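Student: What follows is a single structure, and I will ask about it in a moment.
The values are calculated or read from the model by the stated rules, or taken from the named source; none is laboratory data. These numbers were taken from a predicted model, which means no experiment stands behind them. Cβ placement follows ideal geometry from the backbone for every residue including glycine, while neighbour counts extend to all protein chains displayed.
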Amino acid sequence: MNTEPQWPQFAPLESRLDGTRDANGNDDAGERLAALKADLHEAKARLREVLEALADKYDISAKDVSYAIDGFADDMLAELVFGVERDLEQAVDDRASASVEARG
């Protein structure tokens, strides 16, 4: 058993929202949704690194780390962003519907 965990060092999440405005100056919901999904993927990877460091210290199996990520962290992250993700998806759908209506 290791005495000190080797905690990972993280850089701040990049701002993926720079320049995500449409021609009218409004936020582009599609770009924001893509950025949110990318940030969720990054957050999950960072959680895995932290759990792996803890597992290394206490001799916890990689299988248990994967179970914690797949069984709990995915749900936690989904719960955290549910409202924002739903609103962005709705905005994308609304924009697509308005675009179809404007054409025909």
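Student: Could you give every pair whose Cβ atoms fall below 9 Å, whose first residue belongs to the stretch 53-80 and is without any contact (Cβ under 8 Å) to a residue 24 or more places away in the chain and more than 17 Å from Glu42 (Cα to Cα), and whose second residue is among the acidic types (Asp, Glu) and not in a helix (DSSP H, G or I), counting only separations of at least 6 or pairs across chains?
Tutor: none
Student: Something else now. With respect to Leu33, determine if the residue is of a type in the set (A, V, I, L, M), in a helix (DSSP H, G or I) and closer than 21 Å to Phe10 by Cβ. Break it down into steps so the answer makes sense when it comes.
Tutor: On the way: of a type in the set (A, V, I, L, M): yes; in a helix (DSSP H, G or I): yes; closer than 21 Å to Phe10 by Cβ: no.
No.
Student: Among the residues of the stretch 87-102, which ones are among the polar types (S, T, N, Q) and either surrounded by 13 or more Cβ atoms within 10 Å (Cβ to Cβ) or under 24 Å from the mean Cα position of the chain (by Cα) (or both)? Full working, then the answer.
Tutor: Looking only at the stretch 87-102, we keep the residues that are among the polar types (S, T, N, Q), and these are 90, 97, 99.
Listed by number, the list holds a single entry, Gln90.
Student: If you go through the stretch 62-78 one residue at a time, do you hit one that is at pLDDT below 95, closer than 22 Å to Arg95 by Cα and exposed (fewer than 12 other Cβ atoms within 10 Å of the Cβ)?
Tutor: There is no residue in the stretch 62-78 that is at pLDDT below 95, closer than 22 Å to Arg95 by Cα and exposed (fewer than 12 other Cβ atoms within 10 Å of the Cβ).
Student: While we're on this one: Looking only at the stretch 26-36, count every residue that is surrounded by 14 or more Cβ atoms within 10 Å (Cβ to Cβ) and out of contact with any helix residue (DSSP H, G or I) (no Cβ under 8 Å at 6 or more places or on another chain) and tell me the total. So that I can check it myself, show each step before the final result.
Tutor: Pass one, the stretch 26-36, residues surrounded by 14 or more Cβ atoms within 10 Å (Cβ to Cβ): 28-36.
Now drop any that are not out of contact with any helix residue (DSSP H, G or I) (no Cβ under 8 Å at 6 or more places or on another chain), which leaves 28, 31, 34-35.
The number of residues fulfilling the criteria is 4.
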